[in-house]
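Step one of this worksheet: look at the structure below.
The values are calculated or read from the model by the stated rules, or taken from the named source; none is laboratory data. This is a predicted model, so every value here is computed, not measured. Here Cβ is always computed from backbone atoms with ideal geometry, including for glycine, and neighbour counts include all displayed protein chains. Remember, those area values only see protein heavy atoms, side chains included, never the ligands or the DNA or RNA. Shrake-Rupley method; radii C 1.70, N 1.55, O 1.52, S 1.80 Å.
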Amino acid sequence: MFNRNLIVVALIFLYGNLEVNCQMHEPDEIMPEFYAPLENWTVTQGRDIYFTCTVNNLGKYKVAWIKSDSKAILAIHTNLIAHNHRLTVTHNGHNTWKLHVFNVQKNDTGSYMCQINTQPMILQTGYLDVRIPPNILDEADIEGPGSAAMEGGTIRLRCRSTGKPEPKVHWKRKDNRHIVIRSDGAREKQESATVKGDTLELTNVHRTDMGKYLCIAKNNVPPTVSKEFNVQIHFHPMIKVTNQLVAAPTGSNVHIQCYVETSPKAMHSWAKVDGGDLMPNAKYKMSETPINEYSLQMDLTITSLEPKDFGSYLCIAKNALGKAEGTIRLQELHLPSAPTTSDVPEQEPEKYDEGVPTDSDDENFVLEGGEPTADGDDRSSNDQQRQQEQQKQPSVSTKKPPQTVHGGGSGGGNRGGGGGGVRHHDNKQRHGSVKGSGSGYPPRWLLVLTAVATVTLFRSPAVSRW
C-alpha cells in the first residue's frame, strides 16, 4: 500500500515538472515584449487623455488594462469590462492598444497598467495626475458674530475652498480700499490692501469698514475664483448741514441740502418748522444722491419764493436705531433797486465868459508899464481905467467849450487895426497851472504882450477912433 502511494506521488511530481518544463522551454515560441513605456499625464480636470501600449510578438496572449490602486480590470483586448462611459479601448489591428479617458475627474488620478497574461506576467505603468481648479464651498460662510455688527463690535468672515493643489486664500475690498485691522481697543491699527488666510476678523469696526469684501482662492490652475461678502455696520443716524443760513430774493428758486449717514437704511423727509411735512410737487422738488454704502445727500429745491416760504426747514433721517434732524434757515435777500434815468441829477453846464475878465483873470493878467504917449502921460493908468470899464459889462453864458476870445478893434490909414485884450478862461490856468505850448493855448507872456500892444494902439494920436 505504501509503495503504491509513493509511485503516485512520484508520477505527479514527474508529470508536473515535465509540464512546467515544457511551458518554460518551448523552443519555437517567441515571448511578447513592450515597444515603448506608457505616458505620464498631468492635466486639468475636464481634459481628455489616452495611454498607448505597443506590444511586439503578442502571439496567443492578451492585453489587459488595470487601475493599480483599485486592482480593477478596465478592459481585456478590445472588450471594455468597467462600467464607465468615460472609458474606451481601441486597437489599430497590429500591435498598438489605447485606453482613452474622457473628461478626467479627481477620482481618475492614479496608476494605470498595461498587462500581458504570460507566465510570469509582464506589465508597464503610466500615471495620471489630475489638477483641479480652486472652488469655494457653499457651506456656512459666516462663523461667530456674522457679517453685520454695531459700530465698535466684531465681524468674522470665513471662506473654505478646495482644489488640487490646495488653494491659497486672501481677502481684499471690492472698491480697492485698504482693509483696516484694529487691535488694543482700536488704539493701534494696520492697513493693508490684502489679508492672507481663509478667515478675516475685523474688531472694533467702524462705519468706514462697511462695504463688499472678496475672498479670492487660487492654486495656479485656472481659473481663479472669488466670492463676495457684504459687511454691514449699524449706527445711529447722523446729519451734517454745511450751510445753515441761506438767503435768496423773492421770486427766485433756492436750493438747500443735507448730508446723511445712517445704517441700516433710514426714511428721509423734509419739513418746515411750524409748517408740517413737505411733499414733492411743483413747489418742492426733492432728490437723494448716494455717496457710499452708508451716506447720501438730500436735496430740496423751493421754486418761486414767496414771503410765506421764508423760515426754518428740517431734513430728517429715521431708522430702527433712532432719529436725527438738521435745521436750515431761509431768509429773504433784499437786492438794491437799479437806478432809473429820472433819478440821475442833471449837471449844470459850466459857464464860460467870453471877453469878460474875472477876479482870477485879473490876478493872472498883469500889464507891464505902457509906452509914453506924445502927451507924456503913462499909458498904464488908462489901461487900468479901460480894464475897469470892461469888468462892468455883463458876463455871457455859453455851452461852448472854452475858447480864446479876442477883443475887437480897427485901424485906419497905413496903420493896421489893433486887437483888444486877450483872456483865456481855463480852469486849470485860473488855479495857476501853466500848460506848455503843446496844450494848444498861447503862453501867458504872449497874452500880456498882446494886451500891451492893444493899449498902445488905442492911446496913439495917429489912430482914428470910431
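Against the condition in contact with a Phe, Trp or Tyr (Cβ under 9 Å, 6 or more places away or on another chain), open to solvent by 70 Å² or more (accessible area, probe 1.4 Å) and either β-branched (V, I, T) or not in a strand (DSSP E or B) (or both), how does T262 come out, does it pass?
On the way: in contact with a Phe, Trp or Tyr (Cβ under 9 Å, 6 or more places away or on another chain): yes; open to solvent by 70 Å² or more (accessible area, probe 1.4 Å): no; either β-branched (V, I, T) or not in a strand (DSSP E or B) (or both): yes.
Spelling it out, it is not the case that T262 is in contact with a Phe, Trp or Tyr (Cβ under 9 Å, 6 or more places away or on another chain), open to solvent by 70 Å² or more (accessible area, probe 1.4 Å) and either β-branched (V, I, T) or not in a strand (DSSP E or B) (or both).
Does the stretch 112-128 hold any residues that are within 60 Å of the chain's Cα centre (by Cα) and surrounded by 19 or more Cβ atoms within 10 Å (Cβ to Cβ), and which are they?
Hits for the stretch 112-128 are Y112, G126, L128.
Kindly indicate which of T109, T90 is surrounded by 15 or more Cβ atoms within 10 Å (Cβ to Cβ) and among the β-branched types (V, I, T).
Details: T90 fails: surrounded by 15 or more Cβ atoms within 10 Å (Cβ to Cβ).
Matching residue, one of T109, T90: T109.
Six or more apart or on different chains, Cβ under 8 Å: which pairs go from a residue in the stretch 61-76 that's of a type in the set (G, A, S) to one that's open to solvent by 20 Å² or more (accessible area, probe 1.4 Å) and outside any strand (DSSP E or B)? Could you list them?
From residues that are of a type in the set (G, A, S), the pairs are A64/H77; A64/N117; A72/A82; A75/I81; A75/A82.
State the number of residues belonging to the stretch 186-217 that are under 23 Å from the mean Cα position of the chain (by Cα), among the small types (G, A, S) and surrounded by fewer than 17 Cβ atoms within 10 Å (Cβ to Cβ).
2
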